[in-house]
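Asks: Sharing a structure here in structure tokens format.
The values are calculated or read from the model by the stated rules, or taken from the named source; none is laboratory data. Note that the structure is predicted; figures quoted are calculated from it, not measured. Reconstructed Cβ throughout: ideal geometry from the backbone, glycine too, with neighbour counts over all protein chains shown.
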Amino acid sequence: MDLGVSRNVGHNEQVEVTTPVIITWNNEKSRMVGDFRTLNTYTIPDRYPTPSIHETSTHLSQARFIKGMDSLKGFNQNFLTDNAKKLLSIKVHFGIYEC
């Protein structure tokens, strides 16, 4: 968390919704795990279903450019609205952090 705050990824905040997180270890690698079930009461269901693989490949075959996404840090590179930042706040033992 200190590294994230120093890189301006998160900062200590007072918010309405928080998600508790823990750090798990596997083969000397850490991973942050959160229980986001409480977030479901604040979200609106997506009315657009995930497209089938056939539909996706059809659209991709007509594309001039295809951009890959970094699966390791890709979600950290997405922009969030101010409201989404408040909803995605996490709680750790030394504070609450807004993304």
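Asks: For the subset of segment 15-42 comprising residues that are aliphatic (A, V, I, L, M) and in contact with a strand residue (DSSP E or B) (Cβ under 9 Å, 6 or more places away or on another chain), which member is farthest from Lys85 (Cα to Cα)?
Replies: Of the residues in segment 15-42, the ones aliphatic (A, V, I, L, M) are 15, 17, 21-23, 32-33, 39.
Narrowing the set further to residues that are in contact with a strand residue (DSSP E or B) (Cβ under 9 Å, 6 or more places away or on another chain) leaves 15, 21-23, 32-33, 39.
Working: Val15: 10, Val21: 16, Ile22: 19, Ile23: 21, Met32: 17, Val33: 17, Leu39: 12 Å.
So, considering only residues that are aliphatic (A, V, I, L, M) and in contact with a strand residue (DSSP E or B) (Cβ under 9 Å, 6 or more places away or on another chain), the one farthest from Lys85 (Cα to Cα) is Ile23.
Asks: Here are the criteria: (1) within 17 Å of the chain's Cα centre (by Cα); (2) at pLDDT 80 or above. Tell me which single one Lys86 does not satisfy.
Replies: It fails just one condition, (2).
Asks: Quick test for you: out of Gln62, Gln77, pick the one residue that is of a type outside the set (Asp, Glu), over 19 Å from Thr18 (Cβ atoms) and at pLDDT below 80.
Replies: Sole residue among the options that is of a type outside the set (Asp, Glu), over 19 Å from Thr18 (Cβ atoms) and at pLDDT below 80: Gln77.
Asks: I need a count of the residues in segment 25-35 that are farther than 21 Å from Glu98 by Cα and in a strand (DSSP E or B).
Replies: Residues meeting the conditions: 3.
Asks: Just to be sure before I move on: is Val5 surrounded by 10 or more Cβ atoms within 10 Å (Cβ to Cβ), of a type in the set (A, V, I, L, M), modelled with pLDDT under 75 and in a loop (DSSP other than H, G, I, E, B) in the structure I sent? Before you say what the answer is, go through the steps one by one.
Replies: Numbers: surrounded by 10 or more Cβ atoms within 10 Å (Cβ to Cβ): yes; of a type in the set (A, V, I, L, M): yes; modelled with pLDDT under 75: yes; in a loop (DSSP other than H, G, I, E, B): no.
When the stated conditions are applied, Val5 does not pass them.
Asks: Need the failing condition index for Glu28 against (1) on the phi < 0 side of the Ramachandran plot; (2) exposed (fewer than 10 other Cβ atoms within 10 Å of the Cβ), just the number.
Replies: Failing condition for Glu28: (1).
Asks: May I pose another question? Which pairs have Cβ atoms under 8 Å, sit 6 or more apart or on different chains, and link a residue in segment 82-96 that is basic (Lys, Arg) and part of a strand (DSSP E or B) to one that is surrounded by fewer than 15 Cβ atoms within 10 Å (Cβ to Cβ) and at pLDDT 80 or above?
Replies: Listed by first residue and then by second, the contacts come to Lys91/Pro20.
Asks: Report every pair of residues separated by at least 6 positions or lying on different chains whose Cβ atoms are under 6 Å apart, first residue within segment 31-44 and over 11 Å from Val17 (Cα atoms), second polar (S, T, N, Q) and modelled with pLDDT under 85.
Replies: As it stands, the answer is Gly34/Thr19, since those pairs meet every condition given.
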